[in-house]
Amino acid sequence: MLIKACLNGGTTRQQHPSVPCTPAELAADARDAVSAGAGAIHVHPRDASGDETLEADAVLAAVRAIRAVVPAVPVGVTTGIWTVTGDTARRLELVSGWTGDDRPDFASVNLSEPGTEELAALLRELGIPVEAGVWTAGDADLLAASSFGRRVIRVLIEPRDSSPDAAVATAAEADETLDRHGIQAPRVHHGYGIATWHVIGAALRLGRDIRIGLEDTVVLPDGSTATGNGELVAAAVRLATEAGHEF
């Protein structure tokens, strides 16, 4: 099974002092996560101020640094609309600069955001596979109705609910909706905050792939604060192994 490590997201140093921001920090955490059992890496590149960015220089530098330490592991990045304050045209302009040997191995596209058709088409032109972000069953319907829904490399089922029970229910509903539409791409489940480990536990019972890292939570299953991404991935590996999964 796949465990994907999400190294930083929008998590701040106030939320966790060791969240990686610079390319060198992302590379070091990627190495730790892969050593612990991660099979893919997802990052939100940051600018000099520490803010999330889609600027080509920052994206390519982050991917290059990570590849230098884990060359056999695919590295993906966000395309979150919040990074461009909702400006879809600006997002396309920035993503168009993701070219050359350091372009990402995949990019996440959230179906809840505007401009997904144009974004997916541009990524396809650049040779960057799309990983679909599905937050709800409604997003799963949007994916099925899109022109790229049958060509994504994987679907992230990522409920935003803060309640653990609600998050697990939302993930299950999205999963069932994808089944109904016949979308066969591999599925990776994850949650946020206190719901994270509950969503992961339910996913493991379903035999789904999972995601974990400081983007999603800063705590371990027992509620204690993790030292970093490596410890979070190691905890996920233990849970998956106990559930009978192999890597």
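The values are calculated or read from the model by the stated rules, or taken from the named source; none is laboratory data. Fair warning: this is a prediction, and the values are worked out from it, not measured in the lab. Ideal geometry is used to build each Cβ from the backbone, glycine not excepted, and the neighbour counts take in all protein chains shown. Areas reflect the complete protein model, heavy atoms only, side chains present, ligands, DNA and RNA absent. Shrake-Rupley method; radii C 1.70, N 1.55, O 1.52, S 1.80 Å.
Table for the structure above
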quantity: Residues of the range 39-56 satisfying the condition of being assigned to a loop (DSSP other than H, G, I, E, B), open to solvent by less than 50 Å² (accessible area, probe 1.4 Å) and among the aliphatic types (A, V, I, L, M); calculated: L54
quantity: Failed item, numbered, when L142 is tested on (1) over 17 Å from I210 (Cα atoms); (2) of a type in the set (A, V, I, L, M, F, W, C); (3) open to solvent by less than 60 Å² (accessible area, probe 1.4 Å); (4) out of contact with any Pro (no Cβ under 7 Å at 6 or more places or on another chain); calculated: (3)
quantity: Lone qualifier among A137, A132, A107, A89 - being among the small types (G, A, S), open to solvent by 10 Å² or more (accessible area, probe 1.4 Å) and touching a helix residue (DSSP H, G or I) at 6+ places or on another chain (Cβ under 6 Å); calculated: A137
quantity: Of the criteria (1) touching a helix residue (DSSP H, G or I) at 6+ places or on another chain (Cβ under 9 Å); (2) within 20 Å of A33 (Cβ to Cβ); (3) part of a loop (DSSP other than H, G, I, E, B), which one R211 fails; calculated: (3)
quantity: Yes/no for A62 being under 16 Å from the mean Cα position of the chain (by Cα) and closer than 20 Å to V237 by Cβ; calculated: no
quantity: Matching residues in the range 233-247 - criterion: being open to solvent by less than 10 Å² (accessible area, probe 1.4 Å) and in contact (Cβ under 8 Å) with a residue 40 or more places away in the chain; calculated: V233, A236, A240
quantity: Residue within the range 182-201 that is among the basic types (K, R) and either in contact with a Ser or Thr (Cβ under 7 Å, 6 or more places away or on another chain) or within 22 Å of G10 (Cβ to Cβ) (or both) present; calculated: no
quantity: Filter result for A121 (open to solvent by less than 20 Å² (accessible area, probe 1.4 Å) and either in a helix (DSSP H, G or I) or more than 23 Å from L2 (Cβ to Cβ) (or both)); calculated: no
quantity: Any pair with Cβ under 8 angstrom, 6 or more apart, that starts in the range 154-165 at a residue that is of a type in the set (G, A, S) and ends at one that is open to solvent by 30 Å² or more (accessible area, probe 1.4 Å); calculated: S162/Y192; S162/G193; S162/I194
